Amino acid sequence: MMEQKRQLEEMERYAYTIFRKDATGHDFYHMKRVAKMGRKIAFEEGADPFLTEAIGWMHDIGDHKLFDEPADAVAEAQGFLRRIGLEENVMREIFQACRNIPFSKGRTPDTLEGKIIQDADRLDAIGAIGIARTFAFGGAASRLIHWPNDPKHSSVQHFYDKLLKLKETLHTKTALRMAESRHAYMQDFLNRFFEEWEMPCDDIR
């Protein structure tokens, strides 16, 4: 147990060095929330908390949105995990899960631990944090907040393309319970957003 604790602390430090300057919403604190939320869900769902948290710390390594050379980022992370003494079979499980977590790939991880981190990652994409991350990513990608005549590439459209659908994709009862209030908060936010957007502005040029 002490060895696993040390390894997780090393993974946290590694995630900090990789993601501390990210401005897209995939920063170190996103990694920490997903890893720690995943660990909490693992205890409630009877999964391996060590493996679950480890997947959480590594889950965005090699994401094509975040790395110019995704394969090199994965290889570097694998080398790091070997240096801290992680067993090869555990490392394979981590990266196999990581490959199947992104929403854009439309896949489901094979293991319960991978499913839990997919849930945790999606929970962090909704609610108040999810709203903040959406506009952070949109700004980094030069997206408009909202443009009624052409909403397709706006940050607000992202709620309808993805975020409002996430609750129905969750695997665990624990995550579904956590998602209820976050999902409702997003709906309330959008209602308020459009109410304010549509306020009379005839004199504004």
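Taking the criterion of being open to solvent by 90 Å² or more (accessible area, probe 1.4 Å) and under 16 Å from Phe103 (Cβ atoms), the only residue of the range 126-163 that qualifies is Tyr160. When Ile61, Ile41, Ile18 are screened for being outside any helix (DSSP H, G or I), of a type in the set (Val, Ile, Thr), buried (at least 17 other Cβ atoms within 10 Å of the Cβ) and touching a residue at least 40 places away in the same chain (Cβ under 8 Å), only Ile61 passes. Checked against the criterion of being of a type outside the set (Val, Ile, Thr), open to solvent by 40 Å² or more (accessible area, probe 1.4 Å) and not in a helix (DSSP H, G or I), the range 68-79 contains one or more residues that satisfy it.
Residue-wise test of (1) in contact with a Pro (Cβ under 6 Å, 6 or more places away or on another chain); (2) under 23 Å from Arg177 (Cα atoms); (3) aliphatic (A, V, I, L, M).
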residue: Pro49; (1), (2), (3): no, yes, no
residue: Gln78; (1), (2), (3): no, no, no
residue: Leu81; (1), (2), (3): no, no, yes
residue: Leu86; (1), (2), (3): no, no, yes
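For the range 103-125, filtered to residues that are at pLDDT below 95 and under 19 Å from Tyr160 (Cβ atoms), the residue that is most open to solvent (accessible area, probe 1.4 Å) is Ser104.
Scanning the range 21-38 for residues that are open to solvent by 70 Å² or more (accessible area, probe 1.4 Å) and within 15 Å of the chain's Cα centre (by Cα) gives Ala23, Tyr29, Lys32, Arg33, Lys36.
Screening Ile18, Ile61, Ile55 for residues that are among the β-branched types (Val, Ile, Thr) and more than 14 Å from the chain's Cα centre (by Cα) leaves exactly one candidate, Ile18.
Scanning the range 8-63 for residues being over 13 Å from Ala97 (Cβ atoms) and among the β-branched types (Val, Ile, Thr) gives a total of 4.
The condition of being without any contact (Cβ under 8 Å) to a residue 60 or more places away in the chain and under 14 Å from the mean Cα position of the chain (by Cα) holds for only one of Arg192, Arg133, Arg122, Arg83, that being Arg122.
The values are calculated or read from the model by the stated rules, or taken from the named source; none is laboratory data. This one's a predicted model, so the numbers in the text were calculated from it and none came from an experiment. FYI the Cβ positions are ideal-geometry reconstructions off the backbone, even for glycines, and counts take in every protein chain you see. Accessible surface areas use protein heavy atoms only, side chains included; no ligands, DNA or RNA. Shrake-Rupley method; radii C 1.70, N 1.55, O 1.52, S 1.80 Å.
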